[in-house]
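Note sheet for the following structure.
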Amino acid sequence: MPLFSRSPEDQVYQPAEDTFLLRDAALAEVRSDDRVLEVGCGSGTVIAALRERAAAVVATDINPHAVRAGREQGVETVRTDLFAGLRGPFDLVLFNPPYLPTLPEERIDDWLEYALDGGPTGRATIERFAEEVGRVLAPFGRVLLLVSSLTGVDEVRKLFADLGYIVILVAEERVEDEDLVVLRIGRDLCRLTG
Amino acid sequence: MKRSLLPILCCPVCKGDLELRVAEEKDDEIIEGALFCGACEVEYPIREGIPNLLPPTDQD
């Protein structure tokens, strides 16, 4: 099928095992007074499930089809790169990042690519997220991040630990030859003073 | 977008405040309009209720 005839659904990452694992972890984590941000909301499945469970929800995606899909589910969406156009603060930030290790020659140039391509290591977008999330995260805020064994769970844990965050594994599931995990990431409160 | 979203938005480049410019409002929602960054002198469009806060060079 030629690219230009793809329907909007074909250009948005559709819910799969990773989506549902993050959604269930988020439902277990969310508090009624949380201001929640989902970064890279795709179809909007995760954030829509939290609408009635949180004080406020908002979602971002760089993909114009995805922000439309989220809005159709009744969620306020903003088209932006990660959280570039958001100030926060958010009590809970959710992210199912593009995490597949992808070589430049493997890239296909369309919107779905943004949902999958994690660069050669699979961690390119996660590294940018880790560096910048502190700007929009409330002091006691938490991040739920979906990570695959294909991306390197230990490497991602170390990445956040080196930035001063405490990382806990809160959910895991084996899907074919891949382990999916959800990491709960928060500031090391002992280091907040000073 | 609802007006209540404005305080949590910022310019994606300089992180400064944005000024809301409404062209069409319906049922408490801004459907068409723009968000203006005075410091960067850049206007970010709001279309079909969704603000587009991609830097001008990345807009399609």
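Details
- Pairs with Cβ under 7 Å, 6+ apart, first in region A:102-121 and over 22 Å from A:Thr60 (Cα atoms), second of a type in the set (Asp, Glu): A:Thr102/A:Asp117; A:Arg107/A:Glu113; A:Arg107/A:Asp117
- Qualifying residue in region B:36-56 (condition: on the phi > 0 side of the Ramachandran plot and open to solvent by less than 20 Å² (accessible area, probe 1.4 Å)): yes
- Against the conditions (1) loosely packed, with under 15 Cβ neighbours inside 10 Å; (2) more than 17 Å from A:Gly40 (Cβ to Cβ); (3) free of Cβ contacts under 8 Å to residues at least 40 places away in the same chain, A:Tyr165 satisfies every one except (1).
- Residue in region B:4-21 that is within 11 Å of another protein chain (Cβ to nearest Cβ), open to solvent by 50 Å² or more (accessible area, probe 1.4 Å), among the acidic types (Asp, Glu) and closer than 23 Å to A:Gly74 by Cα present: no
- Filter result for A:Glu173 (touching a helix residue (DSSP H, G or I) at 6+ places or on another chain (Cβ under 8 Å), open to solvent by 10 Å² or more (accessible area, probe 1.4 Å) and within 14 Å of chain B (Cβ to nearest Cβ)): no
- Only residues that are open to solvent by 20 Å² or more (accessible area, probe 1.4 Å) and more than 14 Å from A:Asn96 (Cα to Cα) were counted across region A:43-63, and they come to 8.
- Pick from region A:178-194, criterion of a type in the set (Asp, Glu) and within 22 Å of A:Ala124 (Cα to Cα), ranking: most open to solvent (accessible area, probe 1.4 Å): A:Asp179
The values are calculated or read from the model by the stated rules, or taken from the named source; none is laboratory data. The shown structure was predicted, so the numbers you read here are calculated from the model rather than taken from an experiment. In this analysis, Cβ positions are derived from the backbone assuming ideal geometry, glycine residues included, and neighbour counts consider all displayed protein chains. Each accessible area value is taken on the protein alone, full model and side chains, heavy atoms only, with ligands, DNA and RNA left out. Shrake-Rupley method; radii C 1.70, N 1.55, O 1.52, S 1.80 Å.
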